[in-house]
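The values are calculated or read from the model by the stated rules, or taken from the named source; none is laboratory data. This is a predicted model, so every value here is computed, not measured. Because the Cβ atoms are built from the backbone with ideal geometry, glycine has one as well, and the counts that use them run over all protein chains shown.
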Amino acid sequence: MHKNNEILQKNASPIDAPAETNDTQELWELVDEHLLHYGRDFVREFIVRASGSYIYTAEGRAIIDFSSGQMCATLGHNHAAILEAMERSAETVMHLDSTMLSPAIAHLGKELCDLLPQQLSKVLFLNTGAESNEAAIRLAKLYTGCFEIVGLTGSWHGTTYGAASSTYASGRKGYGPTMPGALAIPAPNCYRCPIGQCKTQCNLACLDFSFDYLESVSVGSTAAVIVEPIQSAGGIIVPPEGYLKRIREWCDERSILLIFDEAQTGLGRVGANFAFEIEQVVPDILSLSKTLGAGVPLAATVTSSEIAETTRERGFSHFTSHASDPLTVEVGLAVVRTLVTDQLAARADDIGLYLMSGLKKLQQRHEAIGDVRGRGLLIGVEIVSDRETRNPDKEAMSRISNRCFKLGLNINRVGGPLSVWRIAPPLTISKSEVDQALEIMDEAFASA
């Protein structure tokens, strides 16, 4: 032993581990004293266990989780396949230098790309949706030699600099200038036409307006358009038929890349393996995150061999401390295999139709439900004060949501200035659990 270490050990006094408290009041005092708030207030009940479609509070309450954690736990909480994958990694290797790879990453790369169109064949594994979108934006800029990135109002792509610059759902004020070249066009909200033209049927007039607008404000250096095939944080905005195809055509005519951010729509959530399959519009770059790790931080940026090889020749660099981490890719491999083996996309389509039907029946009984929309198991319920004016009713949404939680149902709230429930239960949820949730919502609307 080194002499200095001997001296340090000789002079060191034993440190008693602090006694842990399980008293709820004391725990909340610790939270209030030490934790930095990063957005909405914390739910004032500790969660001590989770399994399948349920989370369990310290007081022993079972709550149906209609948000799958943070829209991530698509297989349900603590799924056996994920636990087994984590155990395998814990017994072998959990973390490596980013230039070193475990065998699992080779299998995951192949099996993920096997689900995708042939041109999407090169993948980079990261941790979060923001990281995967940063990589997508960097690839687009380096490949095209351009710098403008077009996003949609109401979008959410992350809070890192590049991703945040194209995020318009919330969190934009107070942080100074965004990335040069960040442009935005109106989201295709068919319930609230952004240009006030369509009330019952969309004719894509908002897209015609958007294209004219971009031609007038762009400096002629557009690298990419980044789109969520279904906007989530913006209020579950489902583009009308033909919308994504028109954007694809517009990009192709101008040699602009198209990026799809499928953080929340990918890997079965919307009743297809990927949302872009529904309109058969293939992006140049695809970003995945939440649903790929199913509760573990794993993300991916996928692109073509041409883009990958060209940007490599031009020096593409996107090092992070946890790129290609063995633990997360082991879990991702389990997720992809479970998705395929258990046919979860088809299951999400079936259960989603069942849930949508139940929500439509609630809409007939409760005037506050202005609109029900979505695909698969990503559904939005818009709460309004009046169906004619369609004015958002945040106070009612808060009251009804709190009542649902007390009755045993957790629902996420989104939409920025709108009042929208984001319903995104695990893809493994049963119809009996859906029935329970619908009963709770019915009671909450009636009594709140």
- Item | PHE147 being in contact (Cβ under 8 Å) with a residue 12 or more places away in the chain, more than 22 Å from the chain's Cα centre (by Cα) and under 30 Å from ARG172 (Cα atoms) | yes
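Residues checked against (1) closer than 20 Å to GLU433 by Cα; (2) over 22 Å from the mean Cα position of the chain (by Cα):
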residue	(1), (2)
MET356	yes, no
LEU359	yes, yes
ARG365	no, yes
VAL372	yes, no
VAL381	yes, no
- Name the residues in region 132-164 that are aromatic (Phe, Trp, Tyr) and touching a Ser or Thr at 6+ places or on another chain (Cβ under 7 Å), would you? TYR143, PHE147, TRP156
- VAL372 without any contact (Cβ under 8 Å) to a residue 40 or more places away in the chain and either in contact with a helix residue (DSSP H, G or I) (Cβ under 6 Å, 6 or more places away or on another chain) or in the same structural domain as GLY154 (by TED's automatic domain parsing) (or both): yes
- Task: Spot the failing condition for LYS406; the list is (1) at pLDDT 95 or above; (2) under 24 Å from the mean Cα position of the chain (by Cα), and only one is missed.
- Result: (2)
- Item | Residues (touching a strand residue (DSSP E or B) at 6+ places or on another chain (Cβ under 7 Å) and surrounded by fewer than 20 Cβ atoms within 10 Å (Cβ to Cβ)) located in region 70-115 | ASN78, CYS113
- Filter region 160-187 for residues that are more than 16 Å from GLN231 (Cα to Cα) and β-branched (Val, Ile, Thr); the one that is surrounded by the fewest Cβ atoms within 10 Å (Cβ to Cβ) is THR178
- Task: Could you please let me know if ASP97 is more than 24 Å from ARG337 (Cα to Cα), more than 21 Å from the chain's Cα centre (by Cα) and assigned by TED's automatic domain parsing to the domain that holds ARG337?
- Result: yes
- Message: Tell me the residue from THR328, THR303 that is over 24 Å from ALA73 (Cα atoms), of a type outside the set (Phe, Trp, Tyr) and assigned by TED's automatic domain parsing to the domain that holds MET94, please.
- Response: THR303
- Query: For the subset of region 308-325 comprising residues that are over 18 Å from SER289 (Cβ atoms) and β-branched (Val, Ile, Thr), which member is surrounded by the fewest Cβ atoms within 10 Å (Cβ to Cβ)?
  - Reply: THR310
- Item | Options GLU395, GLU443, GLU367, GLU388; residue that is assigned by TED's automatic domain parsing to the domain that holds ILE64, modelled with pLDDT under 95 and surrounded by fewer than 21 Cβ atoms within 10 Å (Cβ to Cβ) | GLU388
- When you go through ALA275, ALA300 one by one, which is the residue that is of a type in the set (A, V, I, L, M), in contact with a Ser or Thr (Cβ under 9 Å, 6 or more places away or on another chain), buried (at least 21 other Cβ atoms within 10 Å of the Cβ) and under 27 Å from ARG373 (Cβ atoms)? ALA275
- Query: So which of VAL225, VAL238, VAL217, VAL270 ends up being touching a strand residue (DSSP E or B) at 6+ places or on another chain (Cβ under 8 Å), under 28 Å from CYS72 (Cβ atoms) and surrounded by fewer than 24 Cβ atoms within 10 Å (Cβ to Cβ)?
  - Reply: VAL238
